[in-house]
1. For region 57-79, name all the residues that are of a type in the set (S, T, Y) and not in a strand (DSSP E or B).
2. Return yes or no: is K2 surrounded by fewer than 16 Cβ atoms within 10 Å (Cβ to Cβ), modelled with pLDDT of 70 or more and part of a loop (DSSP other than H, G, I, E, B)?
3. Any idea which of S255, S210, S231 is in contact (Cβ under 8 Å) with a residue 60 or more places away in the chain and either surrounded by 19 or more Cβ atoms within 10 Å (Cβ to Cβ) or of a type in the set (G, A, S) (or both)?
4. Which residue pairs have Cβ atoms closer than 9 Å, lie 6 or more positions apart in sequence or on different chains, and pair a first residue in region 169-193 that is buried (at least 18 other Cβ atoms within 10 Å of the Cβ) and outside any loop (DSSP other than H, G, I, E, B) with a second residue that is of a type in the set (D, E) and at pLDDT 60 or above?
5. Determine if region 132-140 includes at least one residue that is crowded, with 18+ Cβ neighbours inside 10 Å, over 30 Å from L43 (Cβ atoms) and at pLDDT 75 or above.
6. So, of the residues in region 67-97 that are over 13 Å from G47 (Cα atoms) and among the hydroxyl-bearing types (S, T, Y), which turns out to be surrounded by the most Cβ atoms within 10 Å (Cβ to Cβ)?
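The values are calculated or read from the model by the stated rules, or taken from the named source; none is laboratory data. Being a predicted model, the structure only gives us computed values, none of them experimental. Cβ sites come from the backbone with ideal geometry, for glycine too, and all protein chains shown count toward neighbours.
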Amino acid sequence: MKRINSLESIPENTDMLTGIDLIGNIKQLFKNPVQMPGCLFLLCIRGNCTITIHLNKYKLEKNTIAIVFPHQFVQVTEESEDCRFAFIGFSQKLIQSPPLFSRMIEYTPSIFEEPVIELRTDVADIFYEYFKLLMKAIRLPNAFVKDEQAHLICSQLIMGLGNIYKQREGNERPRYNRNQEIVKQLIRIVIQNYKLERNISFYAEKMHLSPQHLSTTIKKTTGKTLTDIISTFVIRDAQAKLRSTELTIQEIAYSLNFPDISFFGKYFKRYTGMSPKQYRNME
């Protein structure tokens, strides 16, 4: 694998990037917390390490795979000397395109809750061989793997992992009814807009529903209020930035579209029970 010194060094027009880390570059790349600009699939092929994804720590060992979504903070620590990875990454623009996002969104809540899963050896071998095949294909002349194929490749990975999540949950999920489709669509829109919009009427208008109907449907289907769902994304983003960056509290407030630091502080304390400063200084 050619050494990548920073995520910023990856060309902006890169929709897909894959490789096998034989020199420990991944460990160096994520030695400090880094906010992912795209979606990353990280398969451990040797050794072990601790990976922190949006404040939560997980053990990554041989035959385990981590999925990191755009804007999540990731850090690799406490790694063994022989820790190595195979990886594939996709740009945020690509995974948020309507055809791909509609396939991903079914599994997004599960992946958010459990971004690291252990694979059976035979399944891990298939993923590893697939990563190696893609790496060879990308290097072929005349663009053997074209941009439009990147959508299909990412879809295959998501659906393959989705089947694993389904098996882990015991039974196949039933076909979505209308209310579940509304929740599915809402999560997609919230992920795209939570940094700028926290108003229920905004999301209702986007979905061509009345605020009352949307709120009632979300509460009935998920057991949570629409405000709770939006605030979860906002608070987790704020917590990650407080812990993993040198941004000032004011800069974090502005990045999440709060009018001032006071409003942000009250909002943060309402959901966490402490001020942003207290959270940042917490051991």
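1. The initial filter retains those residues of region 57-79 that are of a type in the set (S, T, Y), namely 58, 64, 77.
Listed by number, the list is empty, since nothing qualifies.
2. Numbers: surrounded by fewer than 16 Cβ atoms within 10 Å (Cβ to Cβ): yes; modelled with pLDDT of 70 or more: no; part of a loop (DSSP other than H, G, I, E, B): yes.
In short, no.
3. On the way: S210 fails: in contact (Cβ under 8 Å) with a residue 60 or more places away in the chain; S231 fails: in contact (Cβ under 8 Å) with a residue 60 or more places away in the chain.
Step by step, each of S255, S210, S231 is checked, and only S255 is in contact (Cβ under 8 Å) with a residue 60 or more places away in the chain and either surrounded by 19 or more Cβ atoms within 10 Å (Cβ to Cβ) or of a type in the set (G, A, S) (or both).
4. From residues that are buried (at least 18 other Cβ atoms within 10 Å of the Cβ) and outside any loop (DSSP other than H, G, I, E, B), the pairs are V190/E197.
5. no
6. Once the filter is applied, the top-ranked residue is S91.
Residue by residue, here is whether (1) under 21 Å from the mean Cα position of the chain (by Cα); (2) more than 20 Å from E205 (Cα to Cα); (3) touching a residue at least 24 places away in the same chain (Cβ under 8 Å) holds:
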site	(1), (2), (3)
I235	yes, yes, yes
Q239	yes, yes, yes
E246	no, yes, no
K269	no, yes, no
T272	no, yes, yes
